[in-house]
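The values are calculated or read from the model by the stated rules, or taken from the named source; none is laboratory data. Being a predicted model, the structure only gives us computed values, none of them experimental. Reconstructed Cβ throughout: ideal geometry from the backbone, glycine too, with neighbour counts over all protein chains shown.
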Amino acid sequence: MQATSRHTLKARRVKFDLSASPVHWLPEDVFSSHLVNGIHLLLPAGELWFCRVYNKALPYITDPQLREDVEGFIRQEGIHAQAHRHGEAWLRANGYDVDRYRRTADWLFEQFLGEAPFALPLLKKAIPAKQWLIFRVGVVAAIEHFTGLLGDWAMNSCGWDDGDPVVADLFRWHLAEEVEHRNVAFDLYEHLCATEAGFYLSRQAIMAIVFPLFIYFIAEGGRSLARQDQSPAAIPIGHAGIVRLLLQMEQIGRRTDHVPPFSLVVTRTLRWLSPRFHPRTEGDTEQALAYIARSPAARAAVA
C-alpha cells in the first residue's frame, strides 16, 4: 500500500438517483444488501456528530496544515451525511421504517456522546470540557479506522460490480473519500494529546470501547431492515444473534466479496495495537482519487 503525499481535501458535490434501485441491490444476496443498507441509518447522525466535535476542536489546533485538513474533513463529512439521508429516504420510500433505528443512533451521538459526558450531570462536573472533547476526538479516530479499512477494501473489491450501479457508486464514492482523508482524525487526536505515551494508551482504551459498539450498530442496522422484510431469506437474518451474523459475514464475504470477511476487519484492527501504527499505510490515496474521478455520481453533479 502506498503512503500518501499531502493534498488539499475538498468537498465534492454528488448526485444520486436511487428511485429505480432495488433494496436487494446485490443479486441473490439479501444478507449483504441489508447489512450495507443499514449503514444509511447510522452514518448521518454519526457524521454530523463528527462535524460538531471537530468544529469545537478547531480552536485548539496550532498546526495550520492540520487545521486546513480538519476543515476539509468537516466539509466532506457534511456531504456524506446528506448523501446517506438520501439513502435513508430511499429505504423509507420502499416501505421500511427507519425511524426506530435512527432514534437509537441519535441517542448514541447526541446524548451518550453529547456535550454532557454520558448525559450524566455528575460526570459533566468531574470531566473537564476539554478532556471530554479530546476523548470524543479519539472516538472519531477509532471510528475512522474502520471507515478507512472498509474504504481500502472497497477500492480493491469487485464484489459490488454485479450489484445496482447507483447504490454501489454511492458507497464506493463515500469510501473513496474515507481513504482520502484517513489520516486526519488520527493526526488530530495525536495533536491534542499531551504526551506520546498518553496518546498510545488512550487510543488503545478507546478502541476497546469503539470496536464492539461499531460491530453491534452495523449488525443492528442490517437486522432492523431484515426484520421488516418478508422475503424468506431475510427472516432468519432479522432474528440472528451477533455471533451468527459475524459468521455469515465471514462466509458470504469470502464467497461473494459483497462484504468484507469479519476476519479482515479483525486483522486490520489488530494493526492499531502497534506503537508505530499510522493510517497512511492503510490505503492508497491515488487509487481513491482515481475512483472519485470516474464516479458516475460525482461526474453527474459536475455536468
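Quick notes on this structure:
- Phe50 among the aromatic types (Phe, Trp, Tyr), in a helix (DSSP H, G or I), touching a helix residue (DSSP H, G or I) at 6+ places or on another chain (Cβ under 7 Å) and within 27 Å of Ala293 (Cβ to Cβ): yes
- Condition check for His239: closer than 20 Å to Asp29 by Cβ and loosely packed, with under 14 Cβ neighbours inside 10 Å: yes
- Only a single criterion out of (1) out of contact with any helix residue (DSSP H, G or I) (no Cβ under 7 Å at 6 or more places or on another chain); (2) of a type outside the set (A, V, I, L, M, F, W, C); (3) without any contact (Cβ under 8 Å) to a residue 24 or more places away in the chain is not satisfied by Thr281, namely (3).
- Test: residue in segment 74-90 that is at pLDDT 95 or above, part of a helix (DSSP H, G or I) and more than 23 Å from Trp173 (Cα to Cα): no
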